[in-house]
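The values are calculated or read from the model by the stated rules, or taken from the named source; none is laboratory data. Owing to the predicted nature of the structure, the values given are computational and were not obtained by experimental measurement. FYI the Cβ positions are ideal-geometry reconstructions off the backbone, even for glycines, and counts take in every protein chain you see.
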Amino acid sequence: MSSHREAPEIAKDPVADSTDLYAFISPDNANTVTLIANYIPLEGPAAGPNFYEFGDDVLYEIHIDNDGDGDADVTYQFSFNSVNTIPTTFLYNVGPIESLDSSYWNRRQFYSVTRVSGWDRSEVLATNLACPPCNIGPLSTPNYPALASAAVHSLGNGRQVFAGQRAEAFFVDLGAIFDLGDLRPIANLHNTFGLPALQAAAGVNSTAQVNVHSIAIQVPITDLTKGNIAPKNPALAAASIGVWTTASRRKAHVRGDDGGRGFDTGPYVQVSRLGNPLFNEVLVPLSQKDGWNSQSPSGDSSYAQGVASPELAGLLNVLYPGAFPHLAAYTKPRADLEAILLTGIPAGVVSPTFSTFTGTTQADMLRLNLAIPAASSPNPFGVLGGDVAGFPNGRRVTDDVVTIELQAIAGATIPLVDPTYTKDGAIADVSDGVTGAGLSLLATFPYLGTPYSGYNVPA
Amino acid sequence: MEPVSRRTFFKQAGVAAAAVAVAGSTAVAPVGLGTAMAGAATTKDAPLAPEENLRGNEELVAHIKNAHTGEISLFVGEREVTIHDTTVAARLVRATR
């Protein structure tokens, strides 16, 4: 998956496990950037009696690097606090929840937002903001869109924020990919290890009809840039920022003797990180994934070998013998992937003015060029599809990052940096065969769709 | 003594070893703190003065990383303070016997 359960230790800690990160110029508010960090993978909608919530003991952060060094220059912090308003009931709610202050709603969650800039300059933007409830069903949450809408809070100065449950927008055929890479659309080409041949088939979305918990914040472009400028020239490095999200826990936790939570103390320790989708999942060895999660992007040169020589590219040649002869013969370091994922793409590679380049520091960050406006007709294949407002220029909720990255690893982007390379014919069919068609999204902030209700899913 | 801020801890290696939790103002931890605090006027066995006590509901956890070198990490508030005190380490280890 994008980053769901991508490392052994964080897979056991869902509330701190980042799943997806999005960063894009707001399509309906051109002077702002929307940043969305999703947590808690694969929430089954029917989750009673204890529905999902953020971790009160987790510090969630969205970081922005605006000078290319892979360290945060602006950070938005989110801290949560849960309360039980009806101590005597075993229920999440004892009647229909029709407003965020409903007296029927027992288990509620609130949060604060803090902006940190420079080196430890903190500004509390808001406290005690209400999260919406989870989507339970027609009796408990009869008008869920209204509850979610009420949970979009203005922070002033052109900023707004939302934190709560949303429908999963990421799509992937997880079952096929991790069954030894038998991508269903080209399964007939798989070597199958001598087992009976597979037939080509359409993909199956493994993340259909599940929910996540989203932290979404929309801020003016000038909130994020060095010198608070609004970049106009996309070819300049100053036009691009790097974005990543982290979750951190206190270093020491002592369990309570009475079955209660006990206490946490000491500094926060980073336990989850996400910049580009699939980076930790696909390019970092299993034994190093949790270590990667604890690091800052500025130290990612130590993981660059996995980008320059990705294991998956070699596996494609083994799993699909004869399908990728040009990729098999290509022995140079993958400068295309290093640019896309670690430094940004310099101007002149895709076009004279397109760039996501932030500098020579190798750092896994989701890079967004703030001088490139949102596309009026987004192409889910982003830059590969000729839409320079899409991934890997930021990431929109509709971008098909799995297919984009599979094709890139299979060699689709090598010609950008090495014109002597000819793409293999099979490239066009490299996909997990799943699309975002049918996803229910919003046209306005926070863009992700209404979460599935436990009454309706599973049907 | 090595204070660690929120923004520098990311680059520090994690720790994994036996930890000794000292909640509140038990007899052991304050002795260690009193010993290690640079410039502290108290001797290592002196009782804490009122102003030296833990703040409010603050909890303190001491993690002996290496009993022989006396390397102890103290977790308090949002800080980690590392001290090197073989005497305190030895007392804590013996207290568990």
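Between A:G390, A:G411, the distinction of being modelled with pLDDT of 95 or more, under 20 Å from A:D28 (Cα atoms) and buried (at least 19 other Cβ atoms within 10 Å of the Cβ) belongs to A:G390 only. Taken across region A:233-245, residues that are within 14 Å of another protein chain (Cβ to nearest Cβ) and touching a Lys or Arg at 6+ places or on another chain (Cβ under 9 Å) do occur, with at least one present. Against the numbered list (1) part of a strand (DSSP E or B); (2) surrounded by 15 or more Cβ atoms within 10 Å (Cβ to Cβ); (3) not hydroxyl-bearing (S, T, Y), A:A72 comes up short only at (1).
Out of the residues in region A:172-195 that are assigned to a loop (DSSP other than H, G, I, E, B), of a type in the set (A, V, I, L, M, F, W, C) and crowded, with 19+ Cβ neighbours inside 10 Å, which is nearest to the chain's Cα centre (by Cα)? Here the residue is A:V172. Scan region A:323-353 for residues that are in contact (Cβ under 8 Å) with a residue 24 or more places away in the chain, small (G, A, S) and either assigned to a helix (DSSP H, G or I) or within 23 Å of A:F178 (Cα to Cα) (or both) and the total you get is 3. Test A:A163 against the criterion of being of a type outside the set (D, E) and touching a residue at least 60 places away in the same chain (Cβ under 8 Å), and give yes or no. When the stated conditions are applied, A:A163 passes them. Of all residues in region A:276-295, those that are more than 10 Å from every other protein chain (Cβ to nearest Cβ) and part of a helix (DSSP H, G or I) total 11.
Do any residues in region A:196-208 that are at pLDDT 95 or above and surrounded by fewer than 17 Cβ atoms within 10 Å (Cβ to Cβ) have Cβ atoms under 6 Å from those of residues that are among the small types (G, A, S) and part of a loop (DSSP other than H, G, I, E, B), where the two are at least six apart or on different chains, and which pairs are they? Final answer for the pair search is A:A202/A:G433. For region A:209-231, taking the residues that are in a helix (DSSP H, G or I) and out of contact with any Asp or Glu (no Cβ under 9 Å at 6 or more places or on another chain), the one that is surrounded by the fewest Cβ atoms within 10 Å (Cβ to Cβ) is identified as A:G227. Based on this model, can you work out whether A:S298 counts as hydroxyl-bearing (S, T, Y), outside any strand (DSSP E or B) and within 14 Å of chain B (Cβ to nearest Cβ)? For A:S298, the condition - hydroxyl-bearing (S, T, Y), outside any strand (DSSP E or B) and within 14 Å of chain B (Cβ to nearest Cβ) - is met. When the test is whether a residue is in contact (Cβ under 8 Å) with a residue 24 or more places away in the chain and assigned to a strand (DSSP E or B), A:S79 passes it. When we screen A:R250, A:R273, A:R261 for residues that are part of a loop (DSSP other than H, G, I, E, B), closer than 19 Å to A:D13 by Cβ, within 14 Å of another protein chain (Cβ to nearest Cβ) and of a type outside the set (S, T, N, Q), the only hit is A:R261. Scan region A:119-171 for residues that are surrounded by 21 or more Cβ atoms within 10 Å (Cβ to Cβ) and in a loop (DSSP other than H, G, I, E, B) and the total you get is 12. Closer than 19 Å to A:D69 by Cα and in contact with a helix residue (DSSP H, G or I) (Cβ under 8 Å, 6 or more places away or on another chain): does that describe A:G299? Judged against the criteria, A:G299 is a match.
Rundown of residues vs (1) crowded, with 22+ Cβ neighbours inside 10 Å; (2) under 20 Å from the mean Cα position of the chain (by Cα), yes/no style:
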site: A:L315; (1), (2): no, no
site: A:T331; (1), (2): no, no
site: A:A335; (1), (2): no, no
site: A:L342; (1), (2): yes, yes
site: A:G348; (1), (2): no, no
site: A:T353; (1), (2): no, no
site: A:R367; (1), (2): yes, yes
site: A:P373; (1), (2): no, no
site: A:F381; (1), (2): no, yes
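Among residues of region B:50-78 that are away from chain A (no Cβ under 12 Å), those with a Cβ under 8 angstrom from a residue that is among the polar types (S, T, N, Q) and not in a strand (DSSP E or B), sequence gap 6+ or separate chain, pair up as B:E52/B:T42; B:N53/B:S25; B:H68/B:T86; B:T69/B:T86; B:G70/B:T86; B:G70/B:T87.
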